[in-house]
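Read through the structure below, which is laid out as structure tokens, and then see the notes.
Derivation of every value follows stated rules applied to the coordinates shown; laboratory data play no part. Since the structure is predicted, the reported quantities are computational estimates derived from the model, not experimental observations. All Cβ positions, even for glycine, are placed from backbone atoms using ideal geometry, and neighbour counts span all protein chains on display.
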Amino acid sequence: APDVTNSGLITSPNGEVVLAAGKTVELMDPGTPYLRVQVTAPDNQALNLGRIAADSGRVGIFAGLIAQRGAINADSATLGGSGKVVLKAGRNTTLEAGSVTTASGPSGGKVEIQSRDTTIVAGVVEAKGTEGQGGTVKVLGERVGLIGNASVDVSGATGGGAVLVGGDLQGKN
């Protein structure tokens with residue numbers, strides 16, 4: 001759809017949730033975490049006001065503009081299980097104050113927030129490892145900001161994970 005808004009609850013335990021906004025959407029293989037989504041209308045928006053939960057699964061939001069104001073959880077309760085959250089925007093992504101985006105579990109998970117232009121995080125982003133090492137959080141874009149009370153946590157019971165914040169090619173800065 002040109003604009004997608006979630007103000008309720010979307011749940012898919014061990015599955016996958018994808019919200020895609022644009023005039024052109026192409027899902028190459030929805031059964032794998034490597035979805036190819038092409039957005040050709042950069043002003044289209046995906047907005048999460050509610051809660052999206054894919055326990056031990058994957059959540060992907062793809063649009064020209066992404067606004068995360070609610071909760072996105074891809075947490076895992078089982079050892080060896082890990083969730084993944086991917087937010088990719090053709091222009092801007094904003095995780096507003098009060099928003100919560102998590103992919104935590106026994107061995108951590110992965111959260112990737114990427115924009116071609118501006119990525120702003122003012123909420124909570126976690127990929128914590130409750131029994132092992134923490135997971136991975138990537139906050140990427142041409143311009144990236146962690147503002148206000150933003151919190152990024154990849155702590156783990158046996159060691160921290162990785163946080164990558166920036167926009168240069170291959171994380172060189």
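Key figures
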{"item": "Length-normalised contact order of the stretch 69-173 in % [C-alpha pairs under 8 Å, at least 6 apart]", "result": "23"}
{"item": "Cα centroid of the stretch 137-152 to Cα centroid of the stretch 99-131, whole Å", "result": "10"}
{"item": "Dipole in debye (nearest 20) - the stretch 94-173, about Cα centre, beta carbon charges: Lys, Arg +1; Asp, Glu -1", "result": "140"}
